[in-house]
Amino acid sequence: MWGNIAIAFILAFVVTFVSTPYTIKIAKKIGAVDVPKDERRAHKRAIPKFGGPAVILGFLVSTIYLLVVLSVEHSIDLFGVQEYWKKLLGFLMGILVISAFCIVDDIKDIKPITKLTGQIIGAIFVIASGIRIEGVSLPFFNYPEINEITSIIITLAWIVIVTNAINLIDGLDGLSSGISVISAVSLLIIFVLNGSSLISIVLITALAGALVGFLPFNFTPAKTFLGDTGSNFLGFSLSVISILGSAKTYTAAVIVLPLIVLGLPIFDTIWAIIRRLIKGKSIKAVFKADKGHLHHRLVAKGFSQKQAVLILYGISATFGLFAIILCDSGIWKALSFLLIVIVAIIAGFKNFSVERTGNELYECTQCKYIYNPKFGNEKAGIPKGTKFDDLPENWVCPVCGEGKDMFEIHE
């Protein structure tokens, strides 16, 4: 099994890593470029947003290759009782539908309700293929078997919520792709511990490998973004694979463990819906973007983009580890782990607080030029003593020409 995991990961990594530079060139030709038009954007310059197809390609090449090889070796039976061929076909159709809608959105914006329609159609293909949440067992919510209509509704809601959760958290360089890597690796470990099907293990490993291949181009300073095509694909895939990997193995895991693993983006999404409903007092307000997401709040507190992303990585990893410990060792050991993490964070909270005097040195992440308020930038007409935050928005690095958004505090 571990050999298959290694192949799935490496093949997806290589294909995505090699193909991403081509998607950057394609993005510029077709106009799939994110131009900062409002203050919500963390970046200040136009950046290609067509990295999704590279991730999808890496995932599909790796998955298809291994499924063919494993079928020839008789390690898996795609046409057996489980009818995995039908489920995989439904999954593929769902990916194609969502990708079609989102590629159009990346090139020219479409209405949120139109994207939601694409997500629902994609989810319907998956459900029709037989991929469903068939039961949940919890201490106070024990339904090992649920009727077909309830199963369809819960599965549809799960797929749409997770798809949008990953999409909405895609607000800083490397954030959604990094959190998706952490989630995928956490689910992989849970699948192995649960004795999940080899197919689900191959799928989640291929997804993780594709993301790791893309992350070098997406982590700050980003050369390209996932775009809606990529972020929707990630959320859609994580939701579907989590059902495939949990079904028939550990009933409570169908919802609970994936819910914990994806806890950060799901919480952020639910809170965004509540916040927008309260503020806008209408359903339409839910579809209006704002700056209330967790990553926006961290940046507003004074953390740099990189610091905010790493903090959210840490929170996501904590959720993942909690789910793994819960799966392997039970609730009490998982809770004790969580308690230790919380105590450690509280004890070291002062080290995470950000106090800005305005006189910090700022380093360009591209060329390593350091802006010192003491000296200013006289050639650009910036007098001595000008704080970095007071620099004009159109000010650029005097060495490489990058904008202010490419600077980080020099430690």
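What the table below lists for this structure:
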{"quantity": "Some residue of the stretch 113-125 being touching a helix residue (DSSP H, G or I) at 6+ places or on another chain (Cβ under 6 Å) and not in a helix (DSSP H, G or I)", "calculated": "no"}
{"quantity": "Boolean, SER75 is in contact (Cβ under 8 Å) with a residue 12 or more places away in the chain, over 23 Å from LEU259 (Cβ atoms) and assigned to a loop (DSSP other than H, G, I, E, B)", "calculated": "yes"}
{"quantity": "Members of the stretch 312-343 that are under 30 Å from PHE407 (Cα atoms) and either aromatic (Phe, Trp, Tyr) or free of Cβ contacts under 8 Å to residues at least 40 places away in the same chain (or both)", "calculated": "TYR313, GLY314, THR318"}
{"quantity": "Top-ranked residue in the stretch 344-360 [being part of a loop (DSSP other than H, G, I, E, B) and closer than 19 Å to VAL299 by Cβ; ranked as modelled with the highest pLDDT]", "calculated": "GLU360"}
{"quantity": "Residue that is nearest to the chain's Cα centre (by Cα), among those in the stretch 197-222 that are part of a helix (DSSP H, G or I) and of a type in the set (Val, Ile, Thr)", "calculated": "VAL212"}
{"quantity": "All positions within the stretch 79-112 that are in a loop (DSSP other than H, G, I, E, B) and either surrounded by fewer than 17 Cβ atoms within 10 Å (Cβ to Cβ) or under 19 Å from the mean Cα position of the chain (by Cα) (or both)", "calculated": "PHE79, GLY80, VAL81, GLU83, LYS108, ASP109, ILE110, LYS111"}
{"quantity": "Filtered residues of the stretch 102-122 (kept if among the hydrophobic types (A, V, I, L, M, F, W, C) and touching a residue at least 60 places away in the same chain (Cβ under 8 Å))", "calculated": "CYS102, ILE103, ILE107, ILE113"}
{"quantity": "Within the stretch 181-228, considering residues that are among the hydroxyl-bearing types (Ser, Thr, Tyr) and over 16 Å from LEU257 (Cβ atoms), the one surrounded by the fewest Cβ atoms within 10 Å (Cβ to Cβ)", "calculated": "THR220"}
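Conditions (1) within 25 Å of GLU73 (Cβ to Cβ); (2) modelled with pLDDT of 90 or more, marked per residue:
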site: SER183; (1), (2): no, yes
site: LEU193; (1), (2): yes, no
site: LEU226; (1), (2): no, yes
site: PHE236; (1), (2): no, yes
site: LYS248; (1), (2): yes, no
site: VAL256; (1), (2): no, no
site: ILE273; (1), (2): no, no
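The values are calculated or read from the model by the stated rules, or taken from the named source; none is laboratory data. These numbers come from a predicted model, not from an experiment. When we count neighbours, we look across all protein chains shown, and the Cβ atoms used for this are built from the backbone with ideal geometry, even at glycine.
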